[in-house]
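Below is one structure, written out as structure tokens; the observations come after it.
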Amino acid sequence: MASSLAFIGFVLVLATLLDAFEVVLLPRPVRRRFRVNRFFFRWAWAAWSWTAMRFPRGRRREDFIGVFGPLSMVSLFSTWAIFLIVGFGLLHWALQLITGSLPMISVTEAMVVSGDAFFTLGYGDVVPHHASGRLLVILEAGTGFGFIALIIAYLPVLYQHFSRRDYQLIDLSARAGTPPTAEALLQWHAAAGDLNALTQWLRDWEIWASDLVESHSAYPMLAFYRSQHEGHSWLAALSVVLDTCSLIISNARDGGPPQAAATFSAAQRVLNVVMGSLEVKRLDGADQPVTVLASSSTACALEALMPGSTRDSEATACLVRLQGAYRPSVLALSDYLLIPLPVQLTTTPGVRTLESRSQVVNQLTERGLYED
């Protein structure tokens, strides 16, 4: 009995400390499936998103969902602290049974000793009466002090990554509107008449996407953080970047600027990293629409930026193929994270795989993912 309790307490403490180390300090993704934070976020988000769907679409739902990211981190820290206190409490109670020290303390008193030591309160009204128990108190006090210090140092790092992800969304809204669209973005650069400016813009977003790969692989909980700017989201911005790159690559006779392919690759990798971290599956299938942005205004913008661009069947097929590589992932993340996406569809005659705008709008509106 005593050895079993000691083993359970030791495993609980070790698993919690390992989980905290992997989340806070380890700057790389962890492939191990059994993790405290993995189960925590899965169950917490399932309950929170289910509750959010009970709200009508609009600001109230978005405000409710926006609380989840910061609140979940506070709850995760609290869960770790509770697991550590309970684990050490079981060790305190098991040690007195093993050593046979008197007087015996109850389970409740063992938990009080553990909480007192973890938060270094120093009440001293209930203390272990054997040397091993006192040594365990010292060990737990050091663990609790280090744990609290680690959490205090961790939060600024997390919000630094969040701010770095969010700051370019203002630049996107200035050029692509709110909600952003690839069509508006291309028209803005066409009015400027400078392909080099568009290439530099793509380079900036390649760096942004690369930073997201690094931050969201090490801190996957960042995917739950909503933008502080209304009408913006990192997923919508990523979708616009991918749409823009796919339009440039497919409509240019020579593939367009090499920067478009580099940015496309970096942005697509972000989707793969986030989906892998959150364990979200692609929404493949015939019922998932392929978004094709090939309107006349878009074509004129592309012609102004890249004289000699084409709109033939080969370009359309290339566009469908490129967007088919990432749109299922974008829609899957939008569906899972409840992030509205601006629907930006223009059907192209002769492409049988496309659905009409009204069909797609109705489909996404029913799922609460359409934002006009």
To the nearest 0.05, the calculated FRET efficiency linking E314 and Q168 through their beta-carbon distance, R0 being 30 Å, is 0.35
FRET efficiency for W50 and T79, Cβ-Cβ distance as r, R0 = 25 Å, nearest 0.05? 0.80
Tell me the label-point distance for the pair F119, A192, using the 7 Å Cα-to-Cβ offset, in nm and rounded to one decimal. 5.4 nm
Hey, rough spin-label estimate for A325 and I98, points 7 angstrom out along Cα→Cβ, what's it come to in nanometres? 5.7 nm
Starting from the Cα-Cα distance between D204 and S3, subtract it from 0.36 nm times their residue separation and give me the gain in nm to one decimal. 66.5 nm
For the stretch 2-154, the Rg and Dmax computed from alpha carbons only, in angstrom: 18.7, 62
Please sort 145-156, 33-44 by packing, taking for each peptide the average over its residues of neighbouring beta carbons within 10 angstrom, highest first. 33-44, 145-156
Where in the stretch 179-210 does the label zone of E230 land, with the point 7 angstrom along Cα→C-beta and an amide N cut-off under 15 Å? 179
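Every number in this text was worked out from the coordinates using simple rules, so none of it is lab data. Since this is a predicted model, take the numbers as computed values, not measurements. FYI the Cβ positions are ideal-geometry reconstructions off the backbone, even for glycines, and counts take in every protein chain you see.
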